[in-house]
Amino acid sequence: MTDEMDLRGFVRDLMQGYFENDCYDIDGGDIQDLAIKHGLANEVAATEADCKDERAQEYGVEPGDPYLRWSGPLQALLKEIS
């Protein structure tokens, strides 16, 4: 699969879930699950470097904790909008 196909599948499933739930009730966990499903994120054990990230520090992530690592086009999009 290409990055574009992964991203299109992610958006398709996200929008399908949105409309199936009367246009509400999509939360961060749903987005994370879809990103993993479409290969746009991987759940890994947090490293020392991950723990230095501003958001990881905000949530108290420590080395070895489950950590979501965004990949491909979704990482670029997240950097662009943050």
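For this structure, a couple of remarks:
- Scanning segment 51-68 for residues that are surrounded by 13 or more Cβ atoms within 10 Å (Cβ to Cβ) and assigned to a strand (DSSP E or B) yields a total of 2.
- Subset of segment 1-56 [within 13 Å of L74 (Cβ to Cβ) and β-branched (V, I, T)]: V11, I31, I36
Yes/no per residue for (1) surrounded by 13 or more Cβ atoms within 10 Å (Cβ to Cβ); (2) within 15 Å of the chain's Cα centre (by Cα); (3) outside any strand (DSSP E or B); (4) at pLDDT 90 or above:
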{"site": "M5", "(1), (2), (3), (4)": "no, no, yes, no"}
{"site": "F10", "(1), (2), (3), (4)": "yes, yes, yes, no"}
{"site": "Q16", "(1), (2), (3), (4)": "no, no, yes, no"}
{"site": "I26", "(1), (2), (3), (4)": "yes, yes, yes, no"}
{"site": "G29", "(1), (2), (3), (4)": "no, yes, yes, no"}
{"site": "Q32", "(1), (2), (3), (4)": "yes, yes, yes, no"}
{"site": "G39", "(1), (2), (3), (4)": "yes, yes, yes, no"}
{"site": "E43", "(1), (2), (3), (4)": "no, yes, no, yes"}
{"site": "A49", "(1), (2), (3), (4)": "no, no, yes, yes"}
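The values are calculated or read from the model by the stated rules, or taken from the named source; none is laboratory data. As the structure is a prediction and not an experimental result, all values here were calculated from the model. All Cβ positions, glycine included, derive from the backbone under ideal geometry; neighbour counts span all protein chains shown.
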